[in-house]
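Presented below is the structure to which this report refers.
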Amino acid sequence: TLDEKDEDDDETPVVPHQKLSEIFDIGPAFALPPLEEMFYQVAGLYSSKPLVQSVQ
Amino acid sequence: TNSLNLKAQKAAHSKSLIFEPRVAASQSFDTIYILCHEGFQELCLLDGRFLEFQRDIFGEQSQTEDRVQMTAAENSELNKRLEAFLGLVGGRLRLTPAIKAVEWLLRRFRVHEYNTSFLLTTFLPYHTLPLFTTLLSILPNKLPQEYEFLNPYVRSLMPPPRRTIVQTATNSNSFASALNTYVLRICKSRQHYPALLAFWAGIMTEAMGGMLDKSRSGRKGVQEQKEHDVILRLLPTLNEGLAMKSVPDLRIGCYMLLSVMASKGGLDDKVLTAMMEAVVLGWTTETIIPGLVCLSVLAQHRGAKQMTKRLTKELLKVENLPSLLLQLSNQRRLDKLANGLCLSLVDRLRNHGDLRGLPIVEKMIENGILSDQQSSVIVKSLLLVAHQVDESSDQINLRQHLASSLVTLTQLPGHGGDVVRGTLKDTEIDMDELEMKLHTTIRPAILPAP
């Protein structure tokens, strides 16, 4: 089937708690950047770097 | 005892957000009403939704309303109105008119005593401001359980730092659940404002990270159980949040929680799949892009490769899906999401002759969004579908499109094309036969015959 297992080369970065705090603990709630922007920062912490094979 | 009673009454009457206790103690209700009503009227000019309170809690008659004289039913009805007002005024607490209006709720209806938890949660996003410390100074001695962590700050009259709030949300279920419930309730009544959602999402995301880290201690079986408990506690909030389509920031906050949850390894495939479906089912133009980012994080942690039919169906509705994915792939890896989609699209092609997926598959391979191995598997499965096409008239269309797609893929420049050509070279499918069947030449001239 198409769902066969292959080698799993995925590594999720290990994110220290401090990194997460740095996104949010930058000022009072009413002075924070838009939530969408902060979401991209959070997702960025936990996403692997893009595949770069196309730039060979 | 009468004089004691009087003293207690006077002390209670001296609790104010605006006035020194001694001044407050001497004020009559009509003096306070005039001042507070002014604030209320200004609020009404800012936001017409405040007008609904002008006949009850801000009406003339409110000056003589005393909750001690009211029945339990009347009190509970009053609580609803007071909390409805507090919810609405939450977004304006940095404005003087708002403080004046809240002062009325405090002085006349003693919200700080009767609605302590709701009032505190309403003020919590402003915990760094002197306003919050003033509120701390007039609270009753015994705080509700979820707010007991404020006791040291009540004693020192210092603002609680954000760190303390995160720690409390991490370690106290009653506080975390009070915060979640409050936010959902405010969103349901359309009283949300950006700072509240940013505050909630930030605190809960960090707290959830902390809860999952904490659950990592102890024996493996115990760990799993603890992790499971953390997730079970939060899933209802996520489900409810994702179901509320019209509050984009609430959805994005849920995406945030989900992404961290999945990344910390807390979700099994079944939950991941359900959550991925919940992400796409209620998204709107405002939440599609962050939704795709969330999907990409969730997909990276899912064991199963192929995407569910439901998920694929919703993704196909997204305008410009390939270019959106392309754009997002510049910042992060989303090969598993793209691969799951491509596998499912090939499946639709094979089972239903659905051609809509072909251009998407081409784009994913062309732009190196898939890994080489993933690309190769997709190309192989396309070849297999082509191989199975028969001469019947209802497959003519499918045959033509597949042929043209395979030609396009083979002629791709760069690395993507190399992977496709390499796959063709390796395939066990009889290419001469396939080319005849498709009435086309797939293998380019540059490719030497094997």
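The values are calculated or read from the model by the stated rules, or taken from the named source; none is laboratory data. Keep in mind the model is a prediction, meaning the values are calculated, not measured. All Cβ positions, even for glycine, are placed from backbone atoms using ideal geometry, and neighbour counts span all protein chains on display. With ligands, DNA and RNA removed, areas are computed over all heavy atoms of the protein, side chains included. Shrake-Rupley method; radii C 1.70, N 1.55, O 1.52, S 1.80 Å.
Pairs to check: B:K313/B:K425; B:K80/B:K100; B:K188/B:K336. Give those whose C-alpha atoms are more than 23 Å from each other in this structure.
In this structure, B:K313/B:K425; B:K188/B:K336 exceed 23 Å between Cα atoms.
Over the Cα atoms, compute the radius of gyration (one decimal) and Dmax (the largest Cα-Cα distance, rounded to a whole number) for chain B, in Å.
Cα only, chain B: 30.7, 108 Å (Rg, Dmax).
Give the Cα extents of region B:119-253 along the principal axes, in whole Å, largest first.
For region B:119-253, the Cα spread along each principal axis is 46, 39, 21 Å.
Which ³J(HN,Hα) values in Hz, rounded to whole numbers, follow from the phi angles of region B:328-338 under the Karplus curve 6.51 cos²θ - 1.76 cosθ + 1.60, where θ = phi - 60° and Gly and Pro get x?
5, 6, 5, 9, 8, 7, 9, 4, 5, 5, 5
Amide H of A:S48: which non-local residues (sequence gap of 5 or more, or other chain) have their own amide H closer than 5 Å, using H built in the peptide plane?
The answer is B:R333.
Using just the C-alpha positions of region B:195-310 as equal point scatterers, what log10 of I(q)/I(0) does the Debye formula give at each q in 0.10, 0.17, 0.18 1/Å?
Here the Debye-derived log intensity ratios amount to -0.28, -0.81, -0.90.
What does the extension gain come out to for B:S117 and B:A73, with contour length at 0.36 nm per residue minus their alpha carbon separation?
Full extension of this stretch gives 13.9 nm more.
Order B:K309, B:K80, most accessible first, counting only protein heavy atoms with a 1.4 angstrom probe.
Ranking B:K309, B:K80 by accessible area, largest first, yields B:K309, B:K80.
Heavy-atom accessible area of B:K188 with all protein chains present, probe 1.4 Å, nearest 10 Å²?
Only protein atoms counted, so the area is about 120 Å².
Can you give me the angle between helix B:2-13 and the longest principal axis of chain B, using Cα atoms only, in degrees from 0 to 90, rounded to the nearest 10?
40 degrees
Within 10 Å of each Cβ in peptide B:200-213, how many partner chain Cβ atoms are there on average? Round it to a whole number, please.
Per residue, the average neighbour count from other chains is 3.
Using only Cα atoms, find the angle between the long axis of helix B:248-263 and the longest principal axis of chain B, and express it within 0 to 90 degrees, rounded to the nearest 10.
Result, in degrees: 60.
Given all pairs of different Cα atoms, what value in angstroms does the Kirkwood hydrodynamic radius of region B:1-158 take?
Computed over Cα pairs of region B:1-158, the Kirkwood hydrodynamic radius comes out at 16.1 Å.
Evaluate 2.2 N^0.38 Å with N set to the residue count of region B:271-364, then give the Cα radius of gyration divided by it.
0.98
How many nm separate the modelled label positions at A:S21 and B:L129, each set 7 Å beyond the Cα in the direction of the Cβ?
Between A:S21 and B:L129, the simple spin-label model gives 2.5 nm.
If I fit a long axis through the Cα atoms of helix B:414-426 and take the longest principal axis of the Cα atoms of chain B, what angle between them do I get, 0 to 90°, rounded to 10?
Once rounded, one gets 50 degrees.
Would you mind working out the magnitude of the charge dipole of chain B relative to its Cα centre, with +1 at each Lys and Arg C-beta and -1 at each Asp and Glu C-beta, to the nearest 20 Debye?
1340 debye
Jot down the per residue volume, in cubic angstrom and as a whole number, of the convex hull over the alpha-carbon atoms of region B:173-254.
78 Å³
Let me spell out the model: positive unit charges on the Cβ of Lys and Arg, negative unit charges on the Cβ of Asp and Glu, origin at the Cα centre of region B:95-230. What dipole size does that give, in debye rounded to 20?
Dipole magnitude for region B:95-230 comes out near 200 debye.
Given a 1.4 Å probe and the protein chains all in place, what does the accessible area of B:C44 round to, in Å² to the nearest 10?
Surface accessible to solvent at B:C44 totals approximately 20 Å².
Sort B:L242, B:L131 by accessible area with a 1.4 Å probe, largest first.
B:L131, B:L242
In whole Hz, what ³J(HN,Hα) sequence does region B:117-132 give by Karplus (6.51, -1.76, 1.60; θ = phi - 60°), x for Gly and Pro?
Once θ is set to phi - 60°, the couplings for region B:117-132 become 5, 5, 5, 5, 5, 4, 7, 4, x, 9, 4, 8, 8, x, 3, 5 Hz.
Let me check against my output: what whole-number percent is the relative contact order of region B:61-200, with C-alpha pairs under 8 Å and at least 6 apart?
Relative CO of region B:61-200 lands at 23 percent.
Whole-Hz Karplus ³J(HN,Hα) for region B:27-40, in order, using 6.51 cos²θ - 1.76 cosθ + 1.60 and θ = phi - 60°, x for Gly and Pro?
7, 8, 5, 5, 4, 4, 4, 4, 5, 5, 5, 4, x, 4
How high is the relative contact order of region B:296-450, given as a whole-number percent (alpha carbon pairs under 8 Å, six or more residues apart)?
21 percent.
As a test question: what accessible area, to the nearest 10 Å², does B:D269 have when a 1.4 Å probe is rolled over all protein chains in place?
50 Å²
Averaged over every viewing direction, what's the projected area of the C-alpha convex hull for region B:242-285? Give it in nm², one decimal, please.
2.9 nm²
Mind putting a number on the dipole of the protein assembly as shown about its Cα centre? Charges go on the C-beta only, +1 for Lys and Arg and -1 for Asp and Glu, and I need it in Debye to the nearest 20.
1800 debye
Based on Cα coordinates alone, diagonalise the gyration tensor for region B:268-309, multiply each eigenvalue by 5, take square roots, and list the semi-axes in whole Å, largest first.
Output for region B:268-309: semi-axes of 18, 10, 8 Å.
Alpha carbons only, please: Rg and Dmax for the protein assembly as shown, in angstrom.
Rg, Dmax (Cα atoms, Å): 29.9, 108.
What three numbers, in Å, describe the spread of the alpha carbons of region B:320-385 along their principal axes, ordered from the longest?
Principal-axis extents of the Cα atoms in region B:320-385, largest first: 34, 25, 16 Å.
Using only the Cα atoms of region B:349-435, what are the Rg and Dmax in Å?
Just the Cα atoms of region B:349-435 yield Rg and Dmax of 12.4, 36 Å.
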